[in-house]
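The values are calculated or read from the model by the stated rules, or taken from the named source; none is laboratory data. Model, not experiment: these values are computed from the prediction. Ideal geometry is used to build each Cβ from the backbone, glycine not excepted, and the neighbour counts take in all protein chains shown. We work out accessible area using only protein heavy atoms, side chains counted, and drop any ligands, DNA or RNA first. Shrake-Rupley method; radii C 1.70, N 1.55, O 1.52, S 1.80 Å.
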Amino acid sequence: MELTEGTARNFARVALGHVTRAFPYKDDHVFSGPDDLRLPQIAHPVFFGSFDWHSCVHGWWTLLTLRRLFPDMPEAVQIAALAETTFTPEKLATELAYLERPSARGFERPYGWGWLMYLHHEAARHGDQEWGAQLEPLARAFASRFRDYLGILTYPITVGTHFNTAFALVLARRWALARDPGLVILIDDWASRAFAHRRDYAGWEPGGDEFLSPVLTAALLMSEVTPHLVFAPWFEALVEANGWLARECRPVTVSDRTDGKIAHLDGLNLSRAWCLRDIARALGRTDPQDSLQRLAEEHLAAALPHVAGDYMGEHWLASFALLALLRP
């Protein structure tokens, strides 16, 4: 399956419909006192839509990515016009000020951190606009937080939800490759200590509300951190030699897409497809009949029809579908 202009336009219309939709909204906020009572758009004038802060961030990543890939589609004009009124110095300064609150130390850690840096990575690719320069202070603030966080994070968090360490580090590392060599070294060293010794995966996945595979996100990170000759035998020992990949990695069932947690499982199908495709490329396994490629296609086919529909999935799934469909 490939990303076509028709699919891109559909994803763009979906994301345009929710990045400025203020309600419903799930706030990630620590109240320090009664003066903290406010509407979300007061604290987050840029990322107040899409049900929650992080979904709004990667909704914007979706929009800017599609605008770059399909600059002549009608929605590209709408995306640029909306971005011009959204990514203003004043609004972004308010977002940055929010992070400087002492009670915001754990705000969106680490999922939203990685996505904001990835959004900046995309925004900087739009040379005809100032969006990259305007988002850079916010991205740099999260890069600094990652440095501090990895200094105290003794163990990786390997759940399949927002707290997953490997997923956020994949996004942060891709940002850092062009901007922060020291952060790349820090991530690579930390990832190697956390995952290089892992073998013979037998975890209990999928969990009932996961949208990430704990093992495949770790493997994707390691595919970018380690050389091919090191990664290939590591990956085989992790999930192939013991049969886990062939036996357990199958598209999951989504029983109720109106339930926000159950709807996460559509995202699991999509994020698995993304990991499988990128890992296959890292291994040089590009044949469509390769086992990794076939597994990716099966997961994509199970989830793509459900990107739009109920708002519990619609406010975020297009981003994960786009990750899976992109080519480097």
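Residue 42 contributes about 110 Å² of solvent-accessible surface, heavy atoms of the protein only, 1.4 Å probe.
At full extension, residue 259 and residue 326 could sit 21.3 nm farther apart than now, given 0.36 nm per residue minus the alpha carbon distance. Between residue 281 and residue 20, the contour length at 0.36 nm per residue exceeds the Cα-Cα span by 90.4 nm. Averaging the sequence gap over all C-alpha pairs within less than 8 Å and six or more residues apart, then dividing by the number of residues, gives the chain a relative contact order of 16 percent. The trypsin sites (Lys or Arg not before Pro) found in the range 1-94 that occupy coil by DSSP, while having at most 15 further C-beta atoms within 10 Å, are 26, 38. Relative contact order of the range 147-274: 28 percent, from C-alpha pairs under 8 Å at least 6 residues apart in sequence. Dividing the Cα radius of gyration of the range 184-328 by its Kirkwood radius returns 0.97 for Rg/Rh.
Axis of helix 291-303 versus longest Cα principal axis of the chain: the two differ by about 40°, to the nearest ten degrees.
Scalar couplings 3J(HN,Hα) for the range 203-218, obtained by applying the Karplus form with A = 6.51, B = -1.76, C = 1.60 to θ = phi - 60°, are x, 8, 10, x, x, x, 10, 7, 10, 10, 8, x, 7, 6, 5, 5 Hz; x denotes Gly and Pro. Which ³J(HN,Hα) values, rounded to whole Hz and listed in residue order, are derived for the range 125-132 from phi using the Karplus coefficients 6.51, -1.76 and 1.60 in 6.51 cos²θ - 1.76 cosθ + 1.60 with θ = phi - 60°, glycine and proline given as x? For the range 125-132, the Karplus-derived couplings read 7, 9, x, 8, 10, 9, 4, x Hz, x marking Gly and Pro. Each Lys and Arg Cβ is given +1 and each Asp and Glu Cβ -1; about its Cα centre, the chain then shows a dipole of about 400 debye.
GNM remark for the chain: springs join alpha carbons under 10 Å apart, and the peak mean-square fluctuation among 175, 115, 244 falls on 244. With the contact rule set at Cα under 8 Å and sequence spacing of 6 or more, what percent relative contact order holds for the range 53-128? About 55 percent, as a whole number.
Scattering from the C-alpha atoms of the chain alone, worked out with Debye: what is log10 I(q)/I(0) at q = 0.08, 0.09, 0.16 1/Å? Evaluating at q = 0.08, 0.09, 0.16 Å⁻¹ gives log10 I(q)/I(0) of -0.35, -0.45, -1.51. All Cα-Cα distances of the range 113-155, cut into 10 Å bins from zero to the largest, leave 30, 42, 20, 7, 0 percent in each bin in turn.
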